[in-house]
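Rule-based calculations on the coordinates, nothing more; no lab input. Since we're looking at a predicted model, the values are computed, not measured. Because the Cβ atoms are built from the backbone with ideal geometry, glycine has one as well, and the counts that use them run over all protein chains shown.
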Amino acid sequence: MHNPGNSTRFQAQDRFAEGAQYIAGRLTKGTSGRTHAVVDPATGQDVYTYELAGTEDVDAAVAAAREAFPGWAGATPGERSDAMHRFAGVLAERAEDLAQAESLQCGKPLKLSREFDVPGTVDNTAFFAGAARHLQGQSAGEYSGDHTSYVRREPIGVVGSIAPWNYPLQMAAWKVLPAIAAGNTIVLKPAELTPLTSLLFAQAATEAGIPDGVVNIVTGAGRDAGEHLVGHPDVAMTSFTGSTGVGKRVAEIATSTVKRLHLELGGKAPFVVFDDADLEAAVHGAVAGALINTGQDCTAATRAYVQRPLYDAFVQGVADLMEGIRVGDPFAPDTDLGPLISHAQRDRVAGFVDRARSYARVVAGGVIPQGDLKQGAYYRPTLVADAAQDSEIVQAEIFGPVLVVLPFDSDDEGIRLANDTPYGLAASAWTRDVFRANRATRDIKAGCVWVNDHIPILSEMPHGGYKASGFGKDMSAYSFEEYTQIKHVMFDNTAVARKDWHRTIFGDR
């Protein structure tokens, strides 16, 4: 294991000694009267203790965002774009800092932070810097004959967003970037487990010249800071990423104040392997897609449906590949899989697998590592077979390194099983047949369907779900639909005092 005192590791207590709230361009301590510790999940040791935000901090952050809104909304698209291009540059300069902090607080392998989380965030920032100049509406035209109409796309106001702990840096970017590119200001509440990179992200925005108050961070508990933020009368929109259960509570609060709502919720992604698929590609894709971020990914491959001729070979291939996955210190260069976010989450995942032993077969994994890894929140990559479609392990979101595999016979059955959960965030289909692929992408009800791959995301393409996975889009130009409001402007062209339609109120034709 790595040495907790290693000076090369991110020193959170020093970097954020002034507090874990970022309001109007500066760090400050929370006022809730309660403290919280960020724990390194690889060692179980506290790495940063801070004062949680209370309702007063939320009020202060919202006030700062409200004060900054007129100036930021009134800036030209080019001015916002220039500031965001500088923002991308600052993030790129701070790449190693961001990667170290992300791996420290999440336990994800440093190679994942360096090669996925941080580059993806920099690319997202650069994309929205360009997109800020392309907030377009419908072309002007004379749709009634007597009037000219056009559409304005305007910012909404103060956005109150809540991000989860699995991808804290990328989720901060997904919430902040489209909001501010469209001219809004934002108050983001990161998960109290993982605030470090959200704070670094906000500091980088200030360093890039984005005005104070445009990006604010409040780090507090959901029932205090989170609910107060969602219900705040000066917050015009709420964007939430997290579990479906918590999303329902967020929706309840947000709708009571009639504010715009964007939800990206849970997932249980199917991985459908047809009998003509490249078996080696499918096996490797399943292991990578199931284990990304230790399975703590709402788009992770969680349910593999394999057409019966390939079923046994697929199960054996996945089990063999999983056995070779190197579980260990996130900061070691040869580590493939780090710990889960916490011991509580590890025990939750283990509970799903242990209960499944009574009705299914654990083919690989299913154990908590011992020895040097015992102090961390580690769990071996796990493959479960022979479960029933209606069983807990098939239907519930586990959020860990667990893949369950089931056979199917006909194509109709495979697609039916893929759709047979409440979720619809992501899916993949594995086949060499273009007609099968086209049918799968059409008939599987999910916001993203990959063909012969699973997990890649792009700044230019939307991310969001169907069904209980929520509504609205992150990333891409489509996200502006969430963060702008549409105004119809209509000019009379006749210069006539008494319009023809006035006869419906007074007079005759």
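Details
- Here is the size of the chain from its Cα atoms: Rg then Dmax, 24.7, 92 Å.
- Rg and Dmax of region 170-329, Cα atoms only, in Å: 20.6, 61
- For region 269-451, fraction of C-alpha pairs farther apart than 31 Å, in %: 13
- For region 269-451, the Cβ-based charge dipole about the Cα centre amounts to some 400 debye (Lys, Arg positive; Asp, Glu negative; other atoms uncharged).
- Cβ-derived FRET efficiency at R0 45 Å, ALA497 paired with GLU67, nearest 0.05: 0.55
- Relative contact order %, the chain, counting alpha carbon pairs below 8 Å whose residues are six or more apart: 17
- Dividing the summed helix terms, -39500 (n - 2.57) for each DSSP H run of n ≥ 4, by the number of residues in the chain produces a 222 nm estimate of -11000 deg cm²/dmol to the nearest 500.
- Note on GLU79/ARG326: beta-carbon distance plugged into 1/(1 + (r/R0)^6) with R0 of 41 Å gives a FRET efficiency of 0.30.
- The GLU207 and SER342 beta-carbon pair, evaluated with R₀ = 30 Å, returns a calculated FRET efficiency of approximately 0.45.
- Taking 20 Å as the cut-off, the amide N atoms of region 123-156 that come nearer than this to a point 7 Å along the Cα-to-beta-carbon line of PHE471 belong to 156.
- In plain terms, the chain from ILE505 to MET490 could stretch by 3.3 nm, reckoned as 0.36 nm per residue minus the Cα-Cα distance.
- Our estimate of slack between GLN316 and GLN136, defined as 0.36 nm per intervening residue step minus the Cα-Cα distance, is 59.6 nm.
- Dipole size of region 180-284 about its Cα centre, with +1 on Lys/Arg Cβ and -1 on Asp/Glu Cβ: approximately 560 debye, rounded to the nearest 20.
- C-alpha long axis of helix 279-291 to longest principal axis of the chain, angle in °: 70
- Region 205-237 versus region 58-77: alpha-carbon centroid distance in Å: 11
- Distance between the pseudo-spin-label points of LEU458 and GLU93 (7 Å out from Cα toward the beta carbon): 3.1 nm.
- Counting only DSSP beta bridges whose two residues both lie in region 269-451, roughly 10 percent are antiparallel.
- Estimated inter-spin distance, ARG357 and GLN370, nm [label 7 Å along Cα→Cβ]: 1.4
- Projected label distance in nm at PHE435 and THR35, using a 7 Å step from Cα toward the beta-carbon: 6.8
- Taking Lys and Arg as +1 and Asp and Glu as -1, the other residues whose beta-carbon sits under 12 Å from that of THR35 total -1.
- Helix 343-356 axis versus longest C-alpha principal axis of the chain: approximately 60°, rounded to the nearest ten.
- Segment ASP334-ASP276, length gained on full extension (0.36 nm per residue, minus Cα span): 17.5 nm
- Coil-residue trypsin sites (Lys or Arg not before Pro) of region 423-505, DSSP, other Cβ within 10 Å capped at 13: ARG432, ARG498, LYS499
- For region 115-131, 3J(HN,Hα) computed residue by residue from phi via the Karplus equation (6.51, -1.76, 1.60; θ = phi - 60°) reads 9, 10, 5, 6, x, x, 5, 4, 5, 4, 5, 5, 4, 6, 4, x, 5 Hz, glycine and proline entered as x.
- Dipole in debye (nearest 20) - the chain, about Cα centre, beta carbon charges: Lys, Arg +1; Asp, Glu -1: 980
- Local net charge near ASP409, Cβ-Cβ under 14 Å (Lys/Arg +1, Asp/Glu -1): -2
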